[in-house]
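The values are calculated or read from the model by the stated rules, or taken from the named source; none is laboratory data. Just so we're clear, the structure is a prediction, and the values are computed from it rather than from any experiment. Note that each Cβ is placed from the backbone with ideal geometry, even for glycine, and that neighbours are counted across all protein chains shown. In case anyone asks, the SASA skips ligands and DNA or RNA and just uses the protein heavy atoms, side chains included. Shrake-Rupley method; radii C 1.70, N 1.55, O 1.52, S 1.80 Å.
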Amino acid sequence: MADFIVMPKLGFDMREGEFVGWNKAIGEVVNKGDVVAEIESDKATLELEAQVSGVLLATLVEAGDIVAVGANVAIVGEEGEDVSGLVPDAAPAEKAAPQEAAAAAPAPAAAAARTNGTTAGTADQEYPAGVKATPVARRMASEKGVDLLSVPFAGERIRKADVEAFLAAGGDDGQPAAAPALAPAAPQAIPAAAGPEDTMIPATKLRQAIARRMTESKTTVPHFQVTMEIDMGAALALRQQLNDMLADEGVKISINDILVKAAGLTLREFPMINGSFAGKEILLHNRINVGSAVATDKGLLTVVQKDTDKTTLGEIARQNKAMIERAREGKNLPDDFTNSTFTISNLGVYGVAEFIAIINPPEAAIMAVGGIHEKPVFKNGELTAARLMKVTVSADHRVTDGAEVARFLVKFKELLENPMKLLV
């Protein structure tokens, strides 16, 4: 029986992607899990895996199409099976406008009666900069200093050809052409002016995505922070014992793996901190998925370990190692960075003592982890050395408050100072 391959959600904030091309031809056998195509999002070029097995009978999208999450992109079934009746039911992708359409695009002055794919007189705040646009068009507009709200276009969203037409019509001086009156947009940063000895480099898609997400977080989420110091002596000793035991199996547990496991178990008791703000409601996630921020050459990515509270420490180490390697090689799998419910950002390896992290929306909290430093402390009235680590939780005040985050950190500290509980 024929079935569809669908466009998956390849990022927690992804609504659509640009189709790059097929890796399989019609008539070829497809197995579940095979990489059949490539999709470009604002973060990376990602691999699309088949969700079903069979023979590729029809493709419903092609290179350049903008495909919505959940749309059908291909039909797989038995060889020779008639699927003509299924094609009309497929969710059609929006076709890319021909390049020559740029020359025929209306001039900005003629756009006064139109809005950028939104209700007249308002910007659609669901989309970055209040307007729907392809990733390529958004990148070009950013590089050229074009205000997307001023770009006239036809169809569902702004495309590369629309931006090119706008620039050709005189919108290339950084001053947007006349546009319909729109609702006030969020304040924009003042662009840096380059001096004669400066060099301007294009921001990568990932860097642009980080800028957008972090600006959204800091301007819309009421952050507060709580810091606690933890004695990591017992956790370090347990890590050494486990790594000695697992040496022959090729598994090496890191301090970050221990932190991820401890966070997962702690979140069981604090579901609000594992939740998200949803307007008049608070969404409590049924799964605990702890993300780890990873530095790559292109910027910061968050790899997500699923069902952290239920996963053994050894398996967490295996999964995180594999995901981090893929992230740094640019070979991410879609599932590597989706559906996180809490994030850990660890700069301890760089010797950082303490810092504050920005919440990763729609999560309610993020933990910033500093390095482990040996310090003199009094224990039972005696001066001794302790290996201490500071952690700071930034939390969304719409979802939780300081007292709850403090209790969360007390439990987190208890687990790390009594780490055998992580193995139960």
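Taking a 28 Å limit on the Cα-Cα distance, which of the listed pairs Lys298/Lys411; Lys252/Lys331; Lys306/Lys413; Lys306/Lys375; Lys252/Lys306; Lys24/Lys252 fall beyond it? Intermediate results must be reported in sequence, preceding the final value.
Details: Lys298/Lys411 35 Å; Lys252/Lys331 22 Å; Lys306/Lys413 22 Å; Lys306/Lys375 35 Å; Lys252/Lys306 19 Å; Lys24/Lys252 38 Å.
Among Lys298/Lys411; Lys252/Lys331; Lys306/Lys413; Lys306/Lys375; Lys252/Lys306; Lys24/Lys252, the Cα-Cα distance tops 28 Å for Lys298/Lys411; Lys306/Lys375; Lys24/Lys252.
Which trypsin sites (Lys or Arg not before Pro) in segment 309-364 sit in a loop by DSSP (not H, G, I, E or B) and have at most 16 other Cβ atoms within 10 Å of their own Cβ? Please list the in-between numbers first.
Values: sites: Lys310, Arg318, Lys321, Arg326, Arg328, Lys331; in loops: Lys331.
Here the sparse-neighbourhood loop sites are Lys331.
Considering only C-alpha atoms, what is the centroid distance from segment 252-296 to segment 34-86, in Å?
The two parts, judged by their Cα centres, are 32 Å apart.
What FRET efficiency, computed as 1/(1 + (r/R0)^6) with R0 = 51 Å and r the Cβ-Cβ distance, is obtained for Glu81 and Leu300, rounded to the nearest 0.05? Kindly include the intermediate steps, with their values, before the conclusion.
On the way: r = 45 Å, r/R0 = 0.89.
In this case the efficiency is close to 0.65.
Non-local amide H neighbours of Asp34 (under 5 Å, H modeled in plane, Pro and chain starts lacking H): which ones?
Those qualifying (amide H under 5 Å, at least 5 residues apart or on another chain) are Ala50.
Modelled label-to-label distance, Gln241 and Asn31, 7 Å Cα→beta-carbon offset: nm?
4.2 nm
Enter the accessible area of His373 (Å², nearest 10), with the probe set to 1.4 Å and all protein chains included.
70 Å²
Tell me the per residue accessible area of segment 240-331 using a 1.4 Å probe; a whole number in Å² is fine.
Result: 51 Å² per residue.
Tabulate in residue order the Karplus-calculated ³J(HN,Hα) for segment 391-400, using 6.51 cos²θ - 1.76 cosθ + 1.60 with θ = phi - 60°, rounded to whole Hz; enter x for Gly and Pro.
Once θ is set to phi - 60°, the couplings for segment 391-400 become 10, 10, 9, 9, 10, 8, 5, 6, 9, 9 Hz.
How far is the Cα center of segment 337-393 from the Cα center of segment 194-238, in Å?
15 Å
Each residue of segment 212-221 in turn: what ³J(HN,Hα) in whole Hz from Karplus with 6.51, -1.76, 1.60 and θ = phi - 60°, glycine and Pro shown as x?
Each residue of segment 212-221 in turn: 5, 5, 6, 5, 4, 5, 6, 9, 10, 10 Hz.
Percent of accessible area on segment 361-424 owned by carbon and sulfur, 1.4 Å probe?
54 percent
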